[in-house]
Every structure is written in C-alpha cells, then in structure tokens.
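Read through the structure below, which is laid out as structure tokens, and then see the notes.
The values are calculated or read from the model by the stated rules, or taken from the named source; none is laboratory data. What you see is a predicted model; the values in this text were computed from it and never measured. When we count neighbours, we look across all protein chains shown, and the Cβ atoms used for this are built from the backbone with ideal geometry, even at glycine. SASA here: full protein model, heavy atoms, side chains in, ligands and nucleic acids out. Shrake-Rupley method; radii C 1.70, N 1.55, O 1.52, S 1.80 Å.
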Protein chains: 2
Amino acid sequence: MTDTARGSSRRYGTRPTMKDVAARAGVGLKTVSRVVNGEPGVTPDTERRVQEAITALGFRRNDSARILRKGRTASIGLVLEDLADPFYGPLSRAVEEVARHHGALLINGSSAEDPAREQELVLALCARRVDGLVVIPAGDDHRYLAPEIAAGVATVFVDRPAGRIEADTVLSDSFGGSRDAVAHLIAHGHRRIGFIGDQPRIHTAKERLRGYRTAMAAAGLPVDDAWVSLGTTEPERVHTAARAMLDAPEPVTALFAGNNRVTVTLVRVLRQRTAPVALVGFDDFELADLVSPAVTVVAQDAARMGRTAAGLLFRRLEGADEPPRREEIPTRLIARGSGEIRPARG
Amino acid sequence: MTDTARGSSRRYGTRPTMKDVAARAGVGLKTVSRVVNGEPGVTPDTERRVQEAITALGFRRNDSARILRKGRTASIGLVLEDLADPFYGPLSRAVEEVARHHGALLINGSSAEDPAREQELVLALCARRVDGLVVIPAGDDHRYLAPEIAAGVATVFVDRPAGRIEADTVLSDSFGGSRDAVAHLIAHGHRRIGFIGDQPRIHTAKERLRGYRTAMAAAGLPVDDAWVSLGTTEPERVHTAARAMLDAPEPVTALFAGNNRVTVTLVRVLRQRTAPVALVGFDDFELADLVSPAVTVVAQDAARMGRTAAGLLFRRLEGADEPPRREEIPTRLIARGSGEIRPARG
DNA sequence: TAGCCGCTGGACAACGTTGTCACCTGGGGT
DNA sequence: ACCCCAGGTGACAACGTTGTCCAGCGGCTA
C-alpha cells in the first residue's frame with residue numbers, strides 16, 4: 001500500500017478537509033463542522049478528539065467553500081487611485097480598521113486614475129462576491145455598477161461623486177475649503193492669485209476651481225484666464241504652468257495649489273526664485289510645517305473620510321434601507337506662514 | 001403567476017447563475033461555461049444566444065465557486081505593518097502591480113506591529129486560500145506557517161527575516177547602509193555620534209545598530225552607552241532620547257536616525273535648537289530635500305523590494321523548486337547637507 | 001415496562017462552477 | 001447503403017462546506 005493510497009495521508013499541495021478530520025477522529029463530517037464553528041451539541045470528549053485530529057492534520061477550514069455555501073464573503077473591496085499616494089494610505093488604513101471590527105478582510109486595487117482599469121477592478125471584485133465596495137472613482141460613468149448594487153453589493157463612493165448613478169458618497173468640502181484658502185490669500189493683500197489644479201474631468205478639481213472663483217468674485221477681483229491652469233499633476237506641467245504665471249508682465253503674487261502633489265512641486269519651484277510668492281495648498285502633507293516658509297494648507301481628514309465611508313458601508317450591510325446619503329467632511333485651514341506672505345507691491 | 005415564481009426573474013439579493021443563463025438561452029449549463037471561459041467548440045450562433053442571455057440577466061461568474069472547483073484563487077495576501085506609513089505605500093503598490101500582471105488580486109492587512117495580529121491575519125488569508133503571501137513580519141516566530149507552506153502557499157518575507165523557519169526573504173542592506181551613514185558623519189569630523197533606533201526586537205533595528213557600531217569601531221571611536229537609544233518610534237520617546245544625548249556634559253555632535261519616523265521627529269527637535277547638529281536618517285522621505293538643511297539619508301528602494309518579493313513569489317507559484325533565497329536590496333547614501341555639518345569644536 | 005423526551009451524531013442535499021465523458025448530428029469515404 | 005469521424009452539446013460528478021432532518025440512545029415518568 002503506497003503512501004498516497006492511504007486515506008489519512010495527503011499529497012504535497014493538497015490540504016486536509018473536514019472529511020479527513022472526521023475520518024481520523026472517527027466521527028461524522030457534520031460533527032467536525034460543529035466543532036470548527038463552535039456550535040453546541042458536541043460532548044467534550046468528542047470535541048477533544050476532533051481538536052486533536054485537526055491539530056495533527058494541520059486542518060484549516062476552506063473559506064472558499066464556506067463562502068460558496070453561505071453567500072457572504074466577509075470581505076470588502078477598496079478601489080483607489082494609487083496606494084503609493086500619501087493621501088490614500090491613511091484612508092485605506094481607516095477603511096481596513098473598520099472592516100476588521102466587522103470581521104471582514106480588505107481587498108484593494110489601484111486604478112491609476114484610469115476609468116477602464118477602475119471598471120475592470122470593480123467587476124473583478126464583484127466576481128469575488130465582495131460584500132461591499134469603497135470606490136474612489138476615476139471615471140465619471142458608473143452605470144456599469146447598477147446590476148451589482150441591485151444584486152446587493154453595498155457601494156460607497158469616496159472623495160469624488162459617482163457618475164450617473166445614485167449611491168452613498170463621502171466627500172470633503174472642496175468648494176468651501178478652496179474658497180477659504182483663497183480668501184485667506186486675499187485677506188493678506190493679494191489681488192492676482194493663480195490656481196494650479198488637477199485635470200478638469202476630476203470632480204474635486206472642478207469644485208476647487210469653483211471655490212477659487214467664488215472667493216475672487218466675493219472680493220470683487222477679476223480672474224485672468226492666464227491665472228488658471230488645470231491638467232495632470234506631473235511636476236513638468238506644474239512647473240511650466242507656474243512659470244507662465246510668475247513670469248508674466250503682471251505676475252501673480254500668490255498661488256493656490258489644487259492638491260498635495262501640486263503643492264509639493266510648487267514649493268520646489270518657489271524656493272528657486274528670489275521674489276517671495278505666497279502659497280496655499282489643498283490637502284495637508286507630512287512635513288508641511290518643516291519647509292520654510294511652512295506651508296499653509298487646507299487639510300482634509302483622509303482617515304475620517306475612510307472611517308465614514310466604511311461606516312456607511314457596514315450600515316448598509318446590516319440592512320439599513322435608506323436613500324443614498326452624501327456626507328461632506330469639513331476641511332480645515334492650517335495657517336503656517338506661506339499664505340501670509342504679502343505681495344511685493346501693494 | 002407571481003414575479004418571483006417565474007424562473008427567469010430573481011429576488012433582490014440573489015444573482016443569476018449559469019443555470020439561469022442556460023435556461024434563458026435554451027442551452028446546456030456546460031455550454032454557458034464554455035462561452036464564459038472562451039473555450040472553443042461553440043457555434044457562433046449559440047455563443048450569441050448565450051451572450052444575450054448573460055447581458056439580459058446581468059450574469060457575472062461567481063469566482064468563489066470557480067475557486068473552489070479549481071483550487072487556485074488568483075489572489076495573494078500582503079501583510080504589513082501599517083498601510084498609512086509612507087514606506088509601505090510604494091511597496092504595497094509595487095506588489096500589487098506585479099500581481100496584476102499575473103492576473104492576481106491583492107488582499108492586504110496591517111499587523112500594527114503586533115505579532116498576534118500578524119498571525120491572525122496570515123491564517124485568515126490562508127483560510128481564504130490565497131496562492132501566496134508577502135509578509136513583513138511583526139513577530140519573530142513563524143513556525144505557525146510551516147503547515148501552510150508545506151501545503152503549497154508560496155511565502156516571501158520582506159524587510160525583516162522570518163523567525164525559526166526557512167523561506168524566501170527580501171531585505172535591504174540595513175547593516176551596510178548604516179555603516180556608510182555613520183562613516184559619512186565620521187568623515188565630516190564627528191566623533192560623538194548618537195543612534196536613535198526602533199525597538200531592539202525588530203531585526204532591522206539590530207542590523208542598523210550593528211552597522212553603527214561597526215563604523216565607529218572601524219574608525220577607532222568608542223561608543224558611550226548613552227549614545228544609543230532603541231525603543232518605540234513615538235515622537236515623545238524620540239524627543240526625550242535626543243534631548244538626553246544633546247544636553248549631556250559631553251553632547252553628541254551628530255545623530256543617526258534608525259528609520260524615517262525617527263528622522264522626521266529629529267528634524268523637528270533639531271530645528272528648535274541653536275547649535276547645529278548633523279543628522280543622517282535611514283530611509284528616504286518625500287520632502288527630505290526641502291527642509292533646511294536638506295536631510296542626508298540612506299535611501300531604501302521600497303518599490304524595488306516589493307517588486308522583487310512579488311517576483312520571487314510568482315516564480316514559486318510557477319513551480320520553481322529551489323531552496324529559499326535571500327535577496328538583499330542595496331541602499332544608497334543621498335548626501336543633501338545635514339550630514340555635512342561639522343562639529344562645533346574639532 | 002412502555003412511552004416519551006432531550007441530546008448527540010450522522011446522512012444527505014445544496015451552494016455555482018469546471019472537468020470528464022458520452023451522446024448526437026451531419027458529412028465524407030468506401 | 002454503411003460506417004466512421006469530428007465537432008458541437010449536455011448530463012453528471014466533484015470541489016469543501018453548512019443547513020436540514022432523522023436516528024439512536026440514555027434517562028425519565030406513568
């Protein structure tokens with residue numbers, strides 16, 4: 001009798017199942033299931049025998065089979081733009097933490113700001129039958145998600161609203177934050193203020209631009225077209241845009257950066273110039289207080305956004321049957337100095 | 001006849017299966033499977049009928065069932081310390097990118113530097129039957145993983161070695177990097193150099209201390225016990241440790257920081273002091289070049305570590321049957337200025 | 001002593017998919 | 001006219017688990 005022919009031994013790469021455990025413990029299959037799940041109705045003696053068999057065989061319940069049988073996967077998906085971006089680390093971590101409290105695992109993926117990839121990822125997660133999804137949208141049409149949501153996949157959008165679909169959403173107050181930021185610059189005497197932001201198809205970019213325009217209008221200031229530049233956040237582009245504004249015949253005396261990547265690039269640009277230029281950035285970043293001058297920012301609370309989103313998600317999973325909610329997380333202006341620089345001339 | 005009684009309609013929360021698609025298209029179950037998987041042997045006409053049924057019902061293959069049947073999950077697990085830490089973002093992203101190229105999803109979790117939580121997470125991932133694991137260990141005993149590895153779960157440890165178990169490992173050259181960093185300080189005239197590092201149970205902390213001691217010894221310099229402080233990376237503790245070294249009768253004239261959180265805290269401490277103190281940090285961080293003086297660091301390539309680890313993992317999954325490998329990723333000293341500060345006196 | 005109850009344990013089906021195998025149909029060769 | 005072959009198609013079992021339901025057994029009461 002060969003080794004592989006014996007019932008109790010397993011080939012390399014195969015794992016013991018409840019059946020094996022049952023055979024070894026000399027009990028029925030269902031009894032093993034009861035022990036594994038801590039269900040009542042098993043004598044202490046039987047339980048001990050089963051436990052021994054489990055340990056001896058190195059049995060571990062196959063969750064795939066369990067999931068198939070039970071219908072719930074106890075996992076949620078998170079689709080964001082880029083895990084390497086410092087804004088998403090804390091957000092992701094916060095979502096994970098809430099998931100952990102609900103006994104769920106987190107599967108995540110980066111869309112790299114590509115709508116096709118976002119959809120591919122989301123659908124792959126749905127095929128895995130995640131119980132819910134937290135999505136930071138890259139695209140602006142999420143109708144492809146409708147059948148999934150109808151089928152019961154709880155879905156929450158974060159940072160940007162869903163496109164052409166109704167769903168729970170958690171945003172930060174891009175408009176208000178931007179308006180405050182620009183008002184701050186105006187209060188310090190600036191009249192010509194530039195705005196360098198993300199691509200206009202991104203919702204937050206549009207909102208921040210709207211905040212900028214609103215603040216300018218409220219102060220009765222005109223906005224020159226040359227003071228607004230939207231596009232990718234690549235340093236190259238930001239650099240070029242900034243130079244155009246700063247080297248114009250009537251240069252801007254202050255800059256408002258639409259997100260933290262832009263802000264950082266602008267810090268690098270400005271430190272190479274002699275004339276002091278004021279700067280306020282949207283979104284805080286780790287060492288904003290250590291560069292000089294320390295950078296004034298509109299801080300978003302990424303962790304809170306993640307927590308809120310995950311909270312909404314699990315409320316849905318627990319059966320909450322309310323219309324889609326939209327939560328807005330307030331921003332906070334942190335004045336550190338770079339926004340207080342006064343314009344060179346009046 | 002009620003709506004729910006009709007075969008083709010589904011209750012809210014249930015999803016159509018291949019059986020439903022087959023019934024609607026008037027074909028057999030297996031034919032649907034063939035279409036879904038792009039297997040050959042289906043007439044164009046049949047395929048079209050099936051595709052229509054799929055679209056009409058909003059069918060999406062249930063990967064849980066597929067996984068159960070096929071044995072492979074096309075997902076890998078990543079257990080790290082804290083996703084919110086800037087060191088792990090790029091690492092995680094790199095792992096994800098490689099996984100994506102192999103058609104696998106990434107499930108990840110944070111251990112919060114707690115060995116029990118690490119184990120819990122790893123075993124949960126094994127229960128999900130991930131094909132492989134990338135682990136940044138928090139604990140120092142991984143024998144609990146032996147049955148899993150024997151069962152075929154490819155496992156790679158990153159940043160720190162596995163405890164009491166043989167496995168593929170990707171480390172960065174903590175020892176060499178630290179030795180070079182301290183040599184750099186010595187070359188700039190420092191004789192009393194402090195080292196503030198992470199908790200001594202963490203492998204990299206020990207290695208970096210060893211590098212420090214080796215460099216000091218190589219230069220024939222004594223090391224005072226008061227110049228070495230290992231512990232948590234909380235700002236409080238680092239602050240206290242730094243003050244003790246800087247306010248001693250014979251103060252250190254330079255500091256070597258054991259990781260990026262320590263470095264950042266030390267930058268904050270040092271800028272409050274008048275006497276210039278040299279600083280070199282282990283691990284680069286985003287704005288190291290923007291603070292003044294710009295911070296000299298030993299840079300680790302987190303993305304490369306992630307790529308290497310994932311590469312090893314998938315090589316194993318493709319059947320490579322070699323003894324465990326240990327890859328060491330070199331570090332790079334980036335001199336930016338803070339290491340070139342000369343000691344106040346001789 | 002018969003009948004009943006409560007408790008433990010097991011047989012069996014089902015979850016949705018894929019692999020195996022056999023069936024059917026039509027066409028071409030003898 | 002017969003047979004064979006190939007390609008298209010479907011029936012069925014299996015993956016490992018959990019839910020349902022029933023059987024056996026011991027102790028209790030009438």
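What the table below lists for this structure:
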| quantity | calculated |
| --- | --- |
| Sole exception among (1) open to solvent by less than 40 Å² (accessible area, probe 1.4 Å); (2) at positive phi; (3) in the same structural domain as B:R307 (by TED's automatic domain parsing); (4) not β-branched (V, I, T) for B:A112, by number | (1) |
| Condition check for B:G77: at the interface with chain A (Cβ under 10 Å from one of its Cβ atoms), crowded, with 21+ Cβ neighbours inside 10 Å and not in a helix (DSSP H, G or I) | yes |
| Restricting segment A:122-140 to residues that are more than 17 Å from the chain's Cα centre (by Cα) and of a type in the set (D, E, K, R), the residue that is least open to solvent (accessible area, probe 1.4 Å) | A:D131 |
| A:A162 within 28 Å of A:G103 (Cβ to Cβ) and at the interface with chain B (Cβ under 10 Å from one of its Cβ atoms) | no |
| When residues of segment A:29-47 are limited to those that are surrounded by 12 or more Cβ atoms within 10 Å (Cβ to Cβ) and more than 6 Å from DNA strand C (Cβ to nearest atom), the one nearest to the other protein chains (Cβ to nearest Cβ) | A:V36 |
| Residue in segment B:130-144 that is more than 30 Å from B:T233 (Cα to Cα), outside any loop (DSSP other than H, G, I, E, B) and either at pLDDT 95 or above or away from chain A (no Cβ under 11 Å) (or both) present | yes |
| Hey, B:D283 at positive phi and either open to solvent by 30 Å² or more (accessible area, probe 1.4 Å) or within 14 Å of chain A (Cβ to nearest Cβ) (or both) or not | yes |
| Odd one out for B:V98 among (1) more than 7 Å from chain A (Cβ to nearest Cβ); (2) more than 18 Å from B:L317 (Cβ to Cβ); (3) surrounded by fewer than 24 Cβ atoms within 10 Å (Cβ to Cβ) | (2) |
| Boolean, A:R326 is open to solvent by 70 Å² or more (accessible area, probe 1.4 Å) and within 20 Å of A:D173 (Cα to Cα) | yes |
| So B:F282, is it within 23 Å of the chain's Cα centre (by Cα), among the aromatic types (F, W, Y) and over 21 Å from B:D85 (Cβ atoms) | no |
| Odd one out for A:R34 among (1) basic (K, R); (2) in a helix (DSSP H, G or I); (3) under 30 Å from B:M18 (Cα atoms) | (3) |
| Test result for A:G13, modelled with pLDDT under 90, away from DNA strand C (no atom under 13 Å from the Cβ) and on the phi > 0 side of the Ramachandran plot | yes |
| Residue that is in contact with a Phe, Trp or Tyr (Cβ under 8 Å, 6 or more places away or on another chain) and either at pLDDT 95 or above or in the same structural domain as B:A154 (by TED's automatic domain parsing) (or both), where the choices are B:D247, B:D283, B:D225, B:D321 | B:D283 |
| Close pairs (9 angstrom Cβ cut-off, 6 or more residues apart or separate chains): free of Cβ contacts under 8 Å to residues at least 40 places away in the same chain and at the interface with chain B (Cβ under 9 Å from one of its Cβ atoms) in segment A:55-71, near DNA strand D (Cβ under 7 Å from one of its atoms) and open to solvent by 40 Å² or more (accessible area, probe 1.4 Å) anywhere | A:S64/B:L68; A:A65/A:T17; A:A65/B:L68; A:L68/B:L68 |
| Filtered residues of segment A:165-206 (kept if open to solvent by 10 Å² or more (accessible area, probe 1.4 Å), more than 19 Å from A:D225 (Cβ to Cβ) and of a type in the set (D, E)) | A:E166, A:D173, A:D180 |
| In segment B:221-271, the residues that are open to solvent by 70 Å² or more (accessible area, probe 1.4 Å) and within 14 Å of chain A (Cβ to nearest Cβ) | B:P235, B:R261, B:R268, B:R271 |
| A:E118 being farther than 25 Å from B:E118 by Cα, part of a helix (DSSP H, G or I) and either within 11 Å of another protein chain (Cβ to nearest Cβ) or more than 16 Å from DNA strand C (Cβ to nearest atom) (or both) | yes |
| Strands (runs of 3 or more DSSP E) wholly inside segment A:217-300 containing at least 3 residues that are without any contact (Cβ under 8 Å) to a residue 40 or more places away in the chain | A:228-230 |
| Test: A:D20 is of a type outside the set (V, I, T), within 16 Å of DNA strand C (Cβ to nearest atom) and either touching a strand residue (DSSP E or B) at 6+ places or on another chain (Cβ under 9 Å) or more than 11 Å from chain B (Cβ to nearest Cβ) (or both) | yes |
| Among (1) assigned to a loop (DSSP other than H, G, I, E, B); (2) in contact (Cβ under 8 Å) with a residue 12 or more places away in the chain - the single one A:E322 does not satisfy | (2) |
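Rundown of residues vs (1) farther than 16 Å from A:L317 by Cβ; (2) at pLDDT 95 or above, yes/no style:
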residue: A:R60; (1), (2): yes, no
residue: A:L80; (1), (2): yes, yes
residue: A:P86; (1), (2): yes, no
residue: A:G103; (1), (2): no, no
residue: A:A116; (1), (2): yes, yes
residue: A:L121; (1), (2): yes, yes
